[in-house]
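S.K.: First the structure, then my questions, so here it is.
The values are calculated or read from the model by the stated rules, or taken from the named source; none is laboratory data. In this text, all values refer to a predicted model and were calculated from it rather than measured experimentally. Ideal geometry is used to build each Cβ from the backbone, glycine not excepted, and the neighbour counts take in all protein chains shown. Side chains included, ligands, DNA and RNA excluded: accessible areas come from the protein's heavy atoms. Shrake-Rupley method; radii C 1.70, N 1.55, O 1.52, S 1.80 Å.
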There are 4 protein chains.
Amino acid sequence: MTLRIIASGGTFDKHYNELNGSLGFADSHLPQAIARSRMTINPALELLPLMDSLDMQDEDRQRILASCQAAKEHAIVIIHGTDTMKETAAVLGAANLGSTIVLTGAMIPYEIANSDALFNLGFACGVAQILTPGVYVAMNGKVFPWDNVQKNRAAGVFQNL
Amino acid sequence: MTLRIIASGGTFDKHYNELNGSLGFADSHLPQAIARSRMTINPALELLPLMDSLDMQDEDRQRILASCQAAKEHAIVIIHGTDTMKETAAVLGAANLGSTIVLTGAMIPYEIANSDALFNLGFACGVAQILTPGVYVAMNGKVFPWDNVQKNRAAGVFQNL
Amino acid sequence: MTLRIIASGGTFDKHYNELNGSLGFADSHLPQAIARSRMTINPALELLPLMDSLDMQDEDRQRILASCQAAKEHAIVIIHGTDTMKETAAVLGAANLGSTIVLTGAMIPYEIANSDALFNLGFACGVAQILTPGVYVAMNGKVFPWDNVQKNRAAGVFQNL
Amino acid sequence: MTLRIIASGGTFDKHYNELNGSLGFADSHLPQAIARSRMTINPALELLPLMDSLDMQDEDRQRILASCQAAKEHAIVIIHGTDTMKETAAVLGAANLGSTIVLTGAMIPYEIANSDALFNLGFACGVAQILTPGVYVAMNGKVFPWDNVQKNRAAGVFQNL
């Protein structure tokens, strides 16, 4: 059993554009982060269109679902924006795919000091290989079932309902 | 159930001494790394004497064992040097403690560019909360049972026997 | 002769706010950057209100001018946003203060990967101690007189008129 | 007038070898550091054999001298180990080349957290373009003439004789 990592954007992959001073998307940081992890299990990396999860439409979530359905691997990590991570998790959870799917992201972009991105990637890659099939959110060092999780925006942390 | 993180040194925590140009130990990077992880499960951090694992003696491994025996938490992550991680894992494995104990470390120190330390910490903190009781080594994005792991020094990776 | 460093904000000091995902201002990075420089000349650090230079009003430039006038040091480095660096330089240049005043900033914030902030700080702290009295902009590894400089926004670099 | 940067090794360019845990030399960090500086003056980069300055022999200093003599540029920055920076500066100073030559280095390698390398590079690239011809050491935010400088090893700083 190996691992698939699907990048869909979110804070994890935000990039600073020095020409206009904004945070947006360019090349994903996942290839660098995966190389840095020194994972020997040879994970597959699938780059979907990178976007802010507040901009995600139904079709974007369906694209993620289609990627999970097509995956040969039974352990899947999805890098996703935190603001609607729960909504995408619900779409995947309702599909009953039989794989272990773990959504994670970051509160601070990978390229910014003090980022939690690499920790969260490691955490998700670990639990995705061990949890029983199902859909989970992994943030703040904790695993949440897809139907019992919410982002507390004021505190900037994930918690149970 | 919460988590205990025990720091014993190793490459993860090596610090560059600018006065003599050597890599050694000073304050642990674990408080900063844990803060950065934004873990809400409030892990306990226990700082043992930090040392290169090639310098570890029997009494140093017994100290780590004693810390695991005294821990109230049933999930324990031990930050350890990679060179004798297997030997300490064997001491803990033989003790049959009934907890889930995960040893991890790093190939590049936390404070050096391109370090795997934060990924490995995240990975270990994840699997330690889910694996059945036992002693494991978690390196290179993979979980190894304590009695079926070795470091391939030429390649710089962990693998099964 | 020692050195005064005046922080007025700009990209150099932008900070990522993880609660709302925006780049704004919090504590200045200058104390950390100065410590990191290991300067033994004991520079004075003066923190003015940190702001995006596009938001600067006349009174903000007058505040910077007043700081330069009050400074005991004859070498002054001003950390400033790049978009109106030229305008502030013109206010200072017209005042004929008799000190060497060097404005610098960054294209990428100090806390973001690949930032030019620390290079620019070093460059400015060097030339401010050597240039004859006057007002200069130091960016892109080059010194510009205050009345012969412009930011090429499309290319993201400073150049002569 | 443009700028030549000559890399000869030293702490600035030390690289962590993850296979044996030692600090040595591999590819220079100068190409990355120069790109990061966004210098538009198009500096020439010359990579000499990278070495610890404690290992430098007469022939190594002669090689640096030959590079300075052959340089078309009249502003030269030399990246050098701190321990014998003074000795190389004396060789260059005695040669009376008519160029402005600035030796700099770092107390912490470029790739290690809290490094002064990028600050020192910026500082040296600035003063090298402005100082009158001669040979200088630029460290700790200060310019020293080649014949009035020493490293205080206990404090880890450069100072006058």
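S.K.: Please go through region C:61-95 and pick out each residue that is more than 14 Å from the chain's Cα centre (by Cα) and acidic (Asp, Glu).
M.R.: Matches in region C:61-95: C:73 only.
S.K.: Does at least one position in region B:26-33 carry a residue that is surrounded by fewer than 20 Cβ atoms within 10 Å (Cβ to Cβ), touching a residue at least 40 places away in the same chain (Cβ under 8 Å), more than 14 Å from the chain's Cα centre (by Cα) and more than 9 Å from chain A (Cβ to nearest Cβ)?
M.R.: No: zero hits.
S.K.: Here is a list of conditions, (1) facing chain B (nearest Cβ under 9 Å); (2) open to solvent by 10 Å² or more (accessible area, probe 1.4 Å); (3) more than 25 Å from residue A:37 (Cα to Cα), and residue A:156 meets all of them except one; can you say which number that is?
M.R.: In the conditions (1) facing chain B (nearest Cβ under 9 Å); (2) open to solvent by 10 Å² or more (accessible area, probe 1.4 Å); (3) more than 25 Å from residue A:37 (Cα to Cα), residue A:156 misses (2) alone.
S.K.: A further question on this structure: Can you spot a residue in region C:96-105 that is within 15 Å of the chain's Cα centre (by Cα) and surrounded by fewer than 22 Cβ atoms within 10 Å (Cβ to Cβ)? Spell out the reasoning first.
M.R.: From region C:96-105, those within 15 Å of the chain's Cα centre (by Cα) are C:100-105; that's our starting set.
Remaining after also requiring surrounded by fewer than 22 Cβ atoms within 10 Å (Cβ to Cβ): none.
Within region C:96-105, not a single residue is within 15 Å of the chain's Cα centre (by Cα) and surrounded by fewer than 22 Cβ atoms within 10 Å (Cβ to Cβ).
S.K.: Collect the residues in region A:80-89 that are in a helix (DSSP H, G or I), open to solvent by 10 Å² or more (accessible area, probe 1.4 Å) and in contact with a helix residue (DSSP H, G or I) (Cβ under 9 Å, 6 or more places away or on another chain), keeping them in residue-number order. Give the steps one after another, and end with the answer.
M.R.: As a first pass, look at region A:80-89 and keep what is in a helix (DSSP H, G or I): A:85-89.
When the remaining residues are screened for being open to solvent by 10 Å² or more (accessible area, probe 1.4 Å), the result is A:86-87.
The one that is in a helix (DSSP H, G or I), open to solvent by 10 Å² or more (accessible area, probe 1.4 Å) and in contact with a helix residue (DSSP H, G or I) (Cβ under 9 Å, 6 or more places away or on another chain): A:87.
S.K.: Working only within region A:50-90, note down all residues that are of a type in the set (Ser, Thr, Tyr) and either within 19 Å of residue A:127 (Cβ to Cβ) or touching an Asp or Glu at 6+ places or on another chain (Cβ under 7 Å) (or both).
M.R.: Applying the first criterion (of a type in the set (Ser, Thr, Tyr)) to region A:50-90 yields A:53, A:67, A:82, A:84, A:88.
Within region A:50-90, A:53, A:67, A:82, A:88 meet the criteria.
S.K.: For residue B:116, work out the one condition from (1) surrounded by fewer than 23 Cβ atoms within 10 Å (Cβ to Cβ); (2) among the charged types (D, E, K, R); (3) within 14 Å of chain A (Cβ to nearest Cβ) it doesn't fulfil.
M.R.: (1)
S.K.: Right, next: Looking at (1) within 29 Å of residue B:159 (Cβ to Cβ); (2) within 14 Å of chain B (Cβ to nearest Cβ); (3) β-branched (Val, Ile, Thr), which is the only condition residue A:82 fails?
M.R.: (1)
S.K.: Separate question: Pull out all pairs, ordered by first then second residue, where Cβ-Cβ is under 6 Å, the residues are six or more apart or on different chains, the first lies in region C:1-25 and is modelled with pLDDT under 95, and the second is charged (D, E, K, R).
M.R.: Listed by first residue and then by second, the contacts come to C:2/C:73.
S.K.: Turning to a different aspect of this structure: What single numbered condition from (1) open to solvent by 10 Å² or more (accessible area, probe 1.4 Å); (2) farther than 17 Å from residue A:34 by Cβ; (3) without any contact (Cβ under 8 Å) to a residue 40 or more places away in the chain fails to hold for residue B:144?
M.R.: (1)
S.K.: Would you call residue B:134 more than 7 Å from chain A (Cβ to nearest Cβ), buried (at least 20 other Cβ atoms within 10 Å of the Cβ) and touching a Ser or Thr at 6+ places or on another chain (Cβ under 8 Å)? I'd like the intermediate steps shown before the answer.
M.R.: Details: more than 7 Å from chain A (Cβ to nearest Cβ): yes; buried (at least 20 other Cβ atoms within 10 Å of the Cβ): no; touching a Ser or Thr at 6+ places or on another chain (Cβ under 8 Å): yes.
Criteria not met by residue B:134.
S.K.: Let me ask something else about it. Take residue D:161 and decide whether it is open to solvent by 10 Å² or more (accessible area, probe 1.4 Å) and either in a strand (DSSP E or B) or facing chain C (nearest Cβ under 7 Å) (or both).
M.R.: Considered against the rule, which asks whether it is open to solvent by 10 Å² or more (accessible area, probe 1.4 Å) and either in a strand (DSSP E or B) or facing chain C (nearest Cβ under 7 Å) (or both), residue D:161 comes out as no.
S.K.: Also: Taking into account only those residues within region C:44-72 that are open to solvent by less than 70 Å² (accessible area, probe 1.4 Å), in contact with a strand residue (DSSP E or B) (Cβ under 9 Å, 6 or more places away or on another chain) and farther than 17 Å from residue C:105 by Cβ, which is nearest to the other protein chains (Cβ to nearest Cβ)?
M.R.: The residue in question is C:44.
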